Amino acid sequence: MKNEWPLWEIFIRGQHGMSHRHVGSLHAPDAEMAIKNARDVYTRRNEGVSIWVVEANNIAASSPSDKGPMYEPSESKVYRHPTFFDIPDEVGAM
Amino acid sequence: MTRDEAFHQFLLRMGDNTLILGHRVSEWCGLAPVLEEDIALANTALDLIGQTQMWLGLAGEIDGGKSADDLAFLRDAWDFRNVLLVEVPNGDFGRTLMRQFLFDAWHSIMLGRLIKSSDNRVAAIAAKASKEVAYHLERSGDTVVGLGDGTEESHARMQEALDYLWPYVGEMFASDDVDAEMVKAGIAPNPADLRAEYDALVGRVLTEATLTIPESRFAHKGGRDGRMHTEHLGHLLTQMQWLQRAYPGATW
């Protein structure tokens, strides 16, 4: 029998309007307890208004060995950055 | 008994419950079975100590300007007014969580009534504490179900915990002159009136946990009126109060 609880990745939204951010991981027997544990481990200092939990083995990740072909081609394509526009202050966080 | 005396006793009962249970739960700090539970228990303990500051702060205020610290650290066992349930030793993790659940259920119902207290200060403390306690109850209830309806061993341990703790439940619903005075003033409910709601809530969770509530209604008493605490309280105070006793007036 496996005695170890599964690992969960925890995402917390700091305030309304912002996106959820990965803050760390923890162990829990199920999703409900993972949310409770996340509340106790990661929001003790008033960090969040919303929690997402994902079981770590459900996350598909890119491989570090593919780094070259995956990311290097975009290093030299400065024209893809929207830095040529003036963004009005009223727009707020983008 | 004057109204102020009764009010003072009532506040000590609320504050001593949270103080002693808070201390008991804090004994798990660094020792819980997994990191996540360790932090969760520490959070619960801190919530309870925070509530203690409010209850005992108010008790000290109407008792000639004593501080919550004076009341926590400079009284002896016979002055404490907590129910016996919260002073019994932690036992294993299962018993600690069972005790937490049995207390949280009472606590949440009690605070729900106190929110409507005729005394604004009591209502304000209850409003703040009830949000914390709603979470305590959700967590302890879920854990009781998880362990009760878990493995053969966890089920047996939870049933053992329930059998051990059940005789301490009745004291939370005892009523005396203090309670009668509080009811008359509209400050607090008659504890006996909370029992039906408690039995329904606790019965629902324990059924889901596949646990059997003992039939006996026998209740250990003597904590909330200070007549006779268990021998465990003195040991707890020895540890909790030693610094103030050894170095009177020491501050951080």
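What follows is calculated from the coordinates using simple rules that are stated; it is not laboratory data. The structure displayed is predicted, hence computed values, not measured ones. Every residue, glycine as well, gets a Cβ built from its backbone with ideal geometry; the counts of neighbours run over all protein chains shown.
At-a-glance table
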{"quantity": "Pairs beyond 31 Å (Cα-Cα), from B:LYS66/B:LYS221; A:LYS36/B:LYS184; A:LYS36/A:LYS67", "calculated": "A:LYS36/B:LYS184; A:LYS36/A:LYS67"}
{"quantity": "Taking all pairs of distinct alpha-carbon atoms in the stretch A:7-88, Kirkwood radius in angstrom", "calculated": "15.5 Å"}
{"quantity": "Shape call, the stretch A:43-94: gyration tensor on alpha carbons, a/c limit 1.5", "calculated": "oblate"}
{"quantity": "Hull volume in cubic angstrom per residue (convex hull over the Cα atoms of chain B)", "calculated": "123 Å³"}
{"quantity": "Sequence of B:TYR198, A:TYR79 once ranked by neighbouring C-beta atoms within 10 Å, starting from the fewest", "calculated": "A:TYR79, B:TYR198"}
{"quantity": "Two-site FRET efficiency, A:ALA56 against B:ASN190, from Cβ-Cβ distance with R₀ of 51 Å, rounded to 0.05", "calculated": "0.50"}
{"quantity": "Mean Cβ neighbour count within 10 Å, used as a protection proxy, ranking B:101-113, B:236-248 highest first", "calculated": "B:101-113, B:236-248"}
{"quantity": "Mean Cα-pair separation over length for the stretch B:3-246, i.e. relative contact order, pairs under 8 Å, 6 or more apart, %", "calculated": "26 percent"}
{"quantity": "Aspartates and glutamates with Cα under 14 Å of B:LYS128, excluding same-chain neighbours fewer than 8 positions away", "calculated": "B:ASP47"}
{"quantity": "10 Å Cβ neighbours from other chains, averaged over peptide A:35-41", "calculated": "5"}
{"quantity": "Loop sites in the stretch A:26-94: GluC sites (Glu not before Pro), DSSP, at most 12 other Cβ within 10 Å", "calculated": "none"}
{"quantity": "Within the stretch B:1-158: Cβ-based charge dipole about Cα centre, in debye rounded to nearest 20 (Lys, Arg +1; Asp, Glu -1)", "calculated": "540 debye"}
{"quantity": "More than 40 angstrom apart: percent of Cα pairs within the protein assembly as shown", "calculated": "25 percent"}
